[in-house]
């Protein structure tokens, strides 16, 4: 049963994210931008912001990156409490998956910024705090690679992962603390989204979380198989 | 062409490459990463089968 869980989640996640994206295109009303006026200055309508459709996969990927990064800190704490190597491995894999999702968030966000603002990068609060998070995730691996001793490496990485995670809630909440026109507060009481927009977003969100979990489990399986291989090699040499 | 429609199309169509590009990049990154992980697992499992057989042969010979 468990053997099929990961492929099933991957396929289901792929289908849900695709369904969310299709819904975003065909069933959700367009977000309207600046007014279109005639020569007399009369408003004829509003510009539909087609580029806003990036939101339906950019935000689920970004939220997934925050959630997966939480597990870096969680397994870091578990490692410091128990000194069990498996928690260090789990924290490392969680950070690796975070890096993948951070890269995807950056790539999709940058394309939106380039079109809407005519620039590849804008130093606004959300982007800046997220960029710091990206650097921290990269630094996590730099730190790991710079320490030879396994025990010390795991301890330092756990502490660093816990501290680095502090940036994630800051980055998530920064649009509420410092309002920004680039990143409006979408998830709020009273609703920033209409019913169909929220449905498309949530379907994409659940799909992306399933993909993130499936990737994490796939990488964990790889690590377990690798450990068994090393043990087998050792017993052959011994 | 109707000037309003012309303006709407001019506004809508230019963003299409960016939206499609962002979506394609997302899936490309996921597929490449998952594909690489599965390929590594497959390679390690094959290696393990060979080693397990070698270990069995050695134990049988001992």
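If the condition is being part of a loop (DSSP other than H, G, I, E, B), facing chain B (nearest Cβ under 10 Å) and more than 17 Å from residue B:14 (Cβ to Cβ), then the range A:11-38 contributes only A:38. Filter the range B:39-60 down to residues that are at the interface with chain A (Cβ under 7 Å from one of its Cβ atoms) and within 22 Å of residue A:11 (Cα to Cα) and give me whichever is surrounded by the fewest Cβ atoms within 10 Å (Cβ to Cβ). Top of the filtered list is B:40. Given the condition over 30 Å from residue A:151 (Cα atoms) and within 9 Å of chain B (Cβ to nearest Cβ), answer yes or no: does some residue in the range A:59-79 qualify? Yes, the range A:59-79 contains a residue that is over 30 Å from residue A:151 (Cα atoms) and within 9 Å of chain B (Cβ to nearest Cβ). Residue A:207 fulfils the conditions (1) facing another protein chain (nearest Cβ under 10 Å); (2) in contact with a helix residue (DSSP H, G or I) (Cβ under 7 Å, 6 or more places away or on another chain) except for a single criterion, (1).
The one condition from (1) in a helix (DSSP H, G or I); (2) modelled with pLDDT under 80 that residue B:26 does not meet is (2). Do we have residue A:46 as touching a strand residue (DSSP E or B) at 6+ places or on another chain (Cβ under 7 Å) and within 14 Å of chain B (Cβ to nearest Cβ) here? Criteria met by residue A:46.
Cβ-Cβ distance below 8 Å, separation of 6 or more or different chains: which pairs start in the range A:11-32 with a residue that is under 10 Å from residue A:200 (Cα atoms) and end on one that is not in a helix (DSSP H, G or I)? That search, which allows pairs on different chains as well, returns A:28/A:194. Just a yes or no: is a residue in the range A:138-149 buried (at least 20 other Cβ atoms within 10 Å of the Cβ) and modelled with pLDDT of 95 or more? Scanning the range A:138-149, I find at least one residue that is buried (at least 20 other Cβ atoms within 10 Å of the Cβ) and modelled with pLDDT of 95 or more, so the answer is yes.
Name the residues in the range A:86-133 that are more than 14 Å from chain B (Cβ to nearest Cβ), within 30 Å of residue A:226 (Cβ to Cβ), in contact (Cβ under 8 Å) with a residue 12 or more places away in the chain and surrounded by fewer than 20 Cβ atoms within 10 Å (Cβ to Cβ), would you? Selection gives A:89 alone.
Only a single criterion out of (1) at pLDDT below 85; (2) closer than 21 Å to residue B:29 by Cβ is not satisfied by residue A:30, namely (2). Looking at A:154, A:189, A:199, just one residue is modelled with pLDDT of 95 or more and either loosely packed, with under 12 Cβ neighbours inside 10 Å or part of a helix (DSSP H, G or I) (or both), and that residue is A:154.
The values are calculated or read from the model by the stated rules, or taken from the named source; none is laboratory data. Model, not experiment: these values are computed from the prediction. Ideal geometry is used to build each Cβ from the backbone, glycine not excepted, and the neighbour counts take in all protein chains shown.
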